Amino acid sequence: MANEETRDDEVQQRLLASYNELAELAGSLAHEIKNPLSVIRMNMDLLAEDFAEPETQRERRSLAKIDLVKQQCIRLENLLNDFLRFARLRNLDLHAGGLNEQVERVLDLFEPQASEAAVEIIRLLDPELPSILLEPQTLQASLVNLVKNSLEAMPNGGTLTARTRPTRLGVALDLIDTGCGVDEQTAMHMFEAFYSTKNGGSGLGLPTARKIVEAHGGRIDVQSSVGHGTQFTLEFPAPKRIS
């Protein structure tokens, strides 16, 4: 039994080393792509200045093509930034903290946007919630992706409910929206890298959110129904000897 456990540990360490090497290589490649991409975009900006006041049909066509290239450069830069955030995630420096506080900060951030979109944010945060081990900025980045996804699902208004609660093994957060929802097939793939149903989406927001939750020792689940909204449930362990 001990030999089997040792072999399993060795295999796991090799897989982790391979993953880290691949992530490091991918991150370096993304950086190498960003540099010439920035040069292309800068030169497109300069060309746009030369055609700032087009006088002929040919100049107007040229300016339209320049704008198109600029838009695609911006899209690629956003994709690379999302990918770098996804690839860089390693071991986190976790400390005891309150989940409610992180949820409050993210909801406060989106409150103006929600109000403008006629979305009511309901906060049902358990004041007696146990502490968990977390890294505030990283966990907030995960919550930002999830809340952003919920708001985008309610372009005509609705309700977003954030509810925290204790569980048998720790704590949980439910994010429940009354948006358009998705079908079962989409729900099965929405945490896969580069899978997106949105025009221009990178498909890395939700996979990054899941990766962050898992790096906190937690898990994330989704339930959704077309026309009836979506519920994300995040569960985190409450380590012993943490008040």
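The values are calculated or read from the model by the stated rules, or taken from the named source; none is laboratory data. A quick note: this is a predicted structure, and the numbers were derived from the prediction, not measured. Cβ atoms come from the backbone with ideal geometry, glycine included; neighbour counts cover every protein chain shown.
Data overview
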quantity	calculated
Flag if residue 123 is touching a residue at least 24 places away in the same chain (Cβ under 8 Å) and outside any helix (DSSP H, G or I)	yes
Subset of region 37-66 that is of a type in the set (Asp, Glu), in a helix (DSSP H, G or I) and free of Cβ contacts under 8 Å to residues at least 24 places away in the same chain - its residue that is farthest from residue 79 (Cα to Cα)	59
Residue among 210, 168, 241 that alone is assigned to a helix (DSSP H, G or I) and either at pLDDT 85 or above or loosely packed, with under 14 Cβ neighbours inside 10 Å (or both)	210
Scan of region 154-172 for residues that are among the hydroxyl-bearing types (Ser, Thr, Tyr) and either under 14 Å from residue 123 (Cα atoms) or outside the structural domain of residue 132 (by TED's automatic domain parsing) (or both), ordered by number	159, 161, 164
Cβ-Cβ under 7 Å pairs, at least 6 apart or on other chains, region 137-154 side farther than 20 Å from residue 227 by Cβ, far side surrounded by fewer than 19 Cβ atoms within 10 Å (Cβ to Cβ) and at pLDDT 90 or above	140/105
Residue 186 over 22 Å from residue 211 (Cβ atoms) and of a type in the set (S, T, N, Q)	no
